[in-house]
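The values are calculated or read from the model by the stated rules, or taken from the named source; none is laboratory data. Everything numeric in this text was worked out from a predicted model, so none of it was measured. Using ideal geometry, Cβ is built from the backbone for each residue, glycine included, and neighbour counts are taken over all protein chains shown.
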Protein chains: 2
Amino acid sequence: MNNHKIELQVPVQTGIILPEPTLRRLPWYLAYIDILYAQGTGHVSSTQISRALNVDASQIAKDLSFLSIKGKTRIGYDVAQLRDILADFLGFRVSHKALVIGAGSLGRALMCDTGLSTYGLDIAAALDIDTALVGTEVNGRPICHIDDIEEVAQTTGAVIAILTVPFEVAQEAADIAISAGIRAIWNFTPYRVKTAEGIVMANTSIYAHLAMIYNRLENLNR
Amino acid sequence: MNNHKIELQVPVQTGIILPEPTLRRLPWYLAYIDILYAQGTGHVSSTQISRALNVDASQIAKDLSFLSIKGKTRIGYDVAQLRDILADFLGFRVSHKALVIGAGSLGRALMCDTGLSTYGLDIAAALDIDTALVGTEVNGRPICHIDDIEEVAQTTGAVIAILTVPFEVAQEAADIAISAGIRAIWNFTPYRVKTAEGIVMANTSIYAHLAMIYNRLENLNR
């Protein structure tokens, strides 16, 4: 009898269009699994994840079914394996080049944030129209003139644009980025940017979240 | 005949729990209306907003029906009035005091962001455990020790906590904030924080958006 367990290297399933709610939940699981991993926990069940995160256990099992990982009955998932597969699956361990468009306070802040690089985002440069900023650097990355965006995108290989311009010019800036070869727009402005089919669009609606907080707080006070 | 129009001061409807999708869309409308206002446009129809933002016109009319404003047939909404009512309704014109918990790169960045104050958020102070940071200032606001949070919350009148700590301590930090009298948690960490009933919780899931962008981009490339 062979006592050596055969380690099956299950390939990560890529190219699956995941439902947005699943994509929202998977990073929660990863954050929790990261904590367990740091604590030296060996296995975790979906019931345990469920209790910790207030997510239905059957939902967790369903979300994790998109990954090539199976939990063992009464033991659960291998923490280290689940952590690796989740991080790989979510694309957090590959470097994705991005450009910041609009080197104002938010744009510069994102360039300095250490969290983004941990999650696979490498901001290679910023673009701006302000000639006083062009030629300077933020966190070791150059600020270039928006007119040079096509060259900057090609040189850096960036396909993601982080939109942190004043909202009045958000649509125009997005159009320029897409003409320069950008394929994904991460919009931090409150303006709803329109893009053509085939362009990835993600809105981080900071101000909508503020509106929600204000509205719910006011309601609490009644 | 009286040529002076009577300006009816319609009271802003507050205390309405708005559906989240409506709360997400209203700031889009406001951003667009702001642009029209700056251009000197007098009136706007829901059809026009619809075309500009790719939102169904009937949806826009429905969303705006939560506000005390009526569009006129064939003329539409008065731009200046709609702008005022929307901004008031969303709470963007009242100062809401907040505390940053975790004065790392993201926390400090939010303290420096000029956009937040434009939308009614006044970050009064930051809390941290790092004694090297405690006693210093960011953008004129003090960094205090987390142990003093109750006093800081009371002095500043802050009821909103912006959570920018390492995700490993997100739950603990949220619990401390709530014990200190905080009533709304704006969570920027990837950890899903659990809170008791009656606490407002908003998640700005930056890393989930990154995961979505990566997933969709990879799918484009196939």
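For the range B:207-221, state whether one or more residues are in a helix (DSSP H, G or I), in contact (Cβ under 8 Å) with a residue 12 or more places away in the chain and crowded, with 20+ Cβ neighbours inside 10 Å. Yes, the range B:207-221 has at least one match. The single residue among A:87, A:38, A:57, A:124 that is farther than 26 Å from residue A:190 by Cα, touching a Lys or Arg at 6+ places or on another chain (Cβ under 6 Å) and not aromatic (Phe, Trp, Tyr) turns out to be A:87. Where strands (runs of 3 or more DSSP E) sit wholly within the range B:97-163, those with at least 1 residues that are closer than 17 Å to residue A:209 by Cα occupy B:121-128, B:160-163. Consider the range A:10-45 and keep the residues that are within 18 Å of residue A:79 (Cβ to Cβ) and modelled with pLDDT under 90. The one that is farthest from the other protein chains (Cβ to nearest Cβ) is A:10.
Whenever a residue of the range A:45-66 is part of a helix (DSSP H, G or I), its partners that are among the charged types (D, E, K, R), lying with C-beta atoms within less than 6 angstrom and at least six residues away or across chains, give the pairs A:53/B:192; A:63/A:25.
Mind listing whichever residues of the range A:173-207 are within 25 Å of residue B:92 (Cα to Cα) and either modelled with pLDDT under 90 or touching a Phe, Trp or Tyr at 6+ places or on another chain (Cβ under 7 Å) (or both)? The answer is A:189, A:190, A:191, A:192, A:202, A:204, A:205, A:206, A:207.
A count restricted to the range A:131-146 and to residues that are polar (S, T, N, Q) and out of contact with any strand residue (DSSP E or B) (no Cβ under 6 Å at 6 or more places or on another chain) stands at 2. Report yes if residue A:155 is more than 7 Å from chain B (Cβ to nearest Cβ), of a type in the set (S, T, N, Q) and buried (at least 19 other Cβ atoms within 10 Å of the Cβ), otherwise no. Judged against the criteria, residue A:155 is not a match. Restricting attention to the range A:190-222, the residues being more than 7 Å from every other protein chain (Cβ to nearest Cβ) and within 17 Å of the chain's Cα centre (by Cα) number 3.
Could you tell me whether any residue of the range A:194-204 is under 22 Å from residue A:130 (Cβ atoms) and touching a residue at least 12 places away in the same chain (Cβ under 8 Å)? The answer is no; no qualifying residue exists. Scanning the range A:38-64 for residues that are among the hydroxyl-bearing types (Ser, Thr, Tyr) and surrounded by 17 or more Cβ atoms within 10 Å (Cβ to Cβ) returns A:45, A:46.
Just name the residue that is farthest from the chain's Cα centre (by Cα) out of those in the range B:174-189 that are among the hydrophobic types (A, V, I, L, M, F, W, C) and in a loop (DSSP other than H, G, I, E, B). So, considering only residues that are among the hydrophobic types (A, V, I, L, M, F, W, C) and in a loop (DSSP other than H, G, I, E, B), the one farthest from the chain's Cα centre (by Cα) is B:180. When the range B:104-127 is filtered for residues that are surrounded by fewer than 22 Cβ atoms within 10 Å (Cβ to Cβ) and over 20 Å from the mean Cα position of the chain (by Cα), the ones remaining, listed by number, are B:104, B:105. Before we move on, is residue B:183 closer than 24 Å to residue A:116 by Cα and either surrounded by fewer than 24 Cβ atoms within 10 Å (Cβ to Cβ) or free of Cβ contacts under 8 Å to residues at least 24 places away in the same chain (or both)? Answer is no for this residue.
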